Amino acid sequence: MPVVAAAVCPHPPLLVPEVAGGAAAELDDLRAACLAAIDRLAEADALVIVGSGPVTGTRYDASAGGSFGPYGARDVRVGSGDFVLPLSLTVGAWLVEQSKAAGLPRVSITVAVDETPAACLALGQEIAHGNDRVALLVMGDGSPRRSEHSPVHLHPRAELFDSTVAAALDLADTDTLAALDPDIATELHAAGRAPWQVLAGATATAGLRGHLAYHAAPYGVGYFVASWTL
Amino acid sequence: MAIVNRTPDSFFDRGATYATDAAYEAIDRAVADGADLVDIGGVKAGYGEPVSEEEELRRTVDFVAGIRDRHPDLVISVDTYRSGVARRVGAAGANLINDTWAGSDPQMPAAAAEVGAGLVCSHVGGLTPRTDPHRMAYDDVVADVIRTTTGLAERAVAEGVSRDAIVIDPTHDFGKNTLQSLELTRRLDELAATGWPVLVAVSNKDFIGETLDLPPGQRGTGTIAALSVSAWLGARVFRVHDVPAARQALDLIAVLRGVALPAGTRRSLA
């Protein structure tokens, strides 16, 4: 069965107001864009959240716990269970729980940051065949090497790489996402490469139209929000 | 511990003591203002122009020897992550190696031992030298700092560094976000409880700047507040830019803690 909608969001801990403190308002527009994109997933029968993790293919149900304690905000958590979710899926669940898609049955799946493109595409195809009318929430960040004040030193290719991703997300161009070079992504610390390639595998024949709602690097890290719908 | 950088680009002083004469004057002034130690740095901590080992040696070795001549009893620390530099400055008279990048050079403890110097054992969360933290995550940042720094300290002892010449440093901001550095400050007593002397380097750092929303030039009062809490919770060595302010705060805290007496108490007593 096809993937009927997809959203792409970044996962900086800074997105969580209790982590950002007085800086929370700086990402109001990004948070709003994420929630609007996830709201559009609410018509599906089930939600699959994909995000980077230590290995590929670990699956969690909606009760799986995640915490922002490791980033300094002990009181902010998702799920009711033990803290097992990686950051990407913790932010994903945190966003979903505030959105119109909160009531959907959901599963979260990890993909290793260094997974091969072929395995990412295969995981995407498996997700697309696994359920009826699936919506995908794909968590992925661009390069943290975008500016002189980036967390990781400026890399001259970071901007071009992120612009390529932005254009592909805007056009639902699965071929371009599938062709992203894992070595360049690693050099640029672009953690979204593997999850985006899962998206490409899951939607290659779904006929979705893309819309890029947000692309900026306010702290030198590339953030994207995209909405893919029928 | 007064900071005197032989760098053109450090974040706070921006090269004020890069020139030799200015650096010697800064040392003399620090000693006059009450510093017990000086910490000499030849490489900016953060990202910046690469500094070769030769250049770092050029900036530090003769300077350390010169300080030793002028101040025979001053404790001289050198902030370096290179064992080759540690050996040379140790031979020139340095007493302490401030290995801020937490043993990134595995030869460091042996180098310190070889020249009879002490060692500052730091925590940077696994970062490589001169890089910034990005989304560092700790189940318990204090526990991680204790495990890492005391592990480095025991290793240093095993490699021949004198046990009483080792201090541990939670290394605020290095490999930590602001919330994590604040947590370390709040729970500094847990580090002190390890028994190892604790060094804190909070002076003008970003966790103070982010907390108060102030740029580097305006963090002096916040620095004294963080330093005072650290002292109250058991820190023993304080790496600072503003020696007179730190000295005054620490002298008062020593009396509050009951380990020193007031200079004179005449009010209402005559």
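I need the per residue convex hull volume for chain B, using only the alpha carbons, in cubic angstrom as a whole number. Convex hull volume per residue, Cα atoms: 134 Å³. Each Lys and Arg adds +1 at its Cβ and each Asp and Glu adds -1 at its Cβ; summed about the Cα centre, chain A shows a dipole of about 260 debye. Computed from phi, the 3J(HN,Hα) profile of region B:155-167 under the Karplus parametrisation 6.51, -1.76, 1.60 (θ = phi - 60°) reads 5, 4, 4, 4, 8, x, 6, 4, 4, 7, 10, 10, 10 Hz, with x in place of Gly and Pro.
Once C-alpha pairs closer than 8 Å and six or more residues apart are averaged by separation and normalised to the residue number of region B:1-131, the relative contact order reads 20 percent. Per residue, region A:3-229 exposes an accessible area of 38 Å² to a 1.4 Å probe, with every protein chain left in place.
Only Cα pairs under 8 Å and 6+ residues apart enter the sum, and on that basis the relative contact order of region B:2-256 stands at 15 percent. Highest mobility in the GNM of chain A, judged by mean-square fluctuation with C-alpha springs under 10 Å and restricted to A:L41, A:L121, A:L171, is found for A:L171. Relative to its Kirkwood radius, the Cα radius of gyration of region A:3-229 gives an Rg/Rh of 0.93. Between amide H atoms placed 1.01 Å from N, distances below 5 Å from B:G41 occur with B:V4, B:N5, B:R6, B:D79, all of them 5 or more places distant or on a separate chain.
Distance between the modelled labels on A:E187 and B:S268, one decimal in nanometres: 7.2 nm (7 Å Cα→Cβ projection).
Overall, the ratio between the Cα radius of gyration of region A:27-93 and 2.2 N^0.38 Å, rounded to two decimals, is 1.19. Adding -39500 (n - 2.57) for every DSSP H run of four residues or longer, then dividing by how many residues the protein assembly as shown holds, sets the calculated 222 nm ellipticity at -11500 deg cm²/dmol.
Only one residue of B:G264, A:H149, A:L180 has its Cα farthest out toward the positive end of the dipole of the protein assembly as shown, where Lys and Arg carry +1 and Asp and Glu -1 on Cβ, and that residue is B:G264. Taking the Cα centre of chain B as reference, the dipole from Cβ charges on Lys and Arg (+1) and Asp and Glu (-1) amounts to some 600 debye.
What the Cα atoms of the protein assembly as shown give is an Rg and a Dmax of 26.2, 94 Å. Taking a straight Cα-Cα cut-off under 30 Å and skipping sequence neighbours fewer than 8 places away in the same chain, the lysines within cross-link reach of B:K44 are B:K176, B:K205. Which of A:A191, A:A20, A:A172 moves the most in a Gaussian network model of chain A with Cα springs under 10 Å? The residue with the greatest mean-square fluctuation here is A:A20.
In this structure, the amide hydrogen of A:V111, modeled 1.01 Å from its nitrogen in the peptide plane, lies closer than 5 angstrom to those of A:G51, A:S52, A:G53, A:G57, counting only residues at least 5 positions away or on a different chain.
The values are calculated or read from the model by the stated rules, or taken from the named source; none is laboratory data. As the structure is a prediction and not an experimental result, all values here were calculated from the model. Cβ coordinates were reconstructed from backbone atoms using ideal geometry, including for glycine residues, and neighbour counts include every protein chain displayed. Keep in mind that these areas ignore ligands, DNA and RNA; they rest on the heavy atoms of the full protein, side chains included. Shrake-Rupley method; radii C 1.70, N 1.55, O 1.52, S 1.80 Å.
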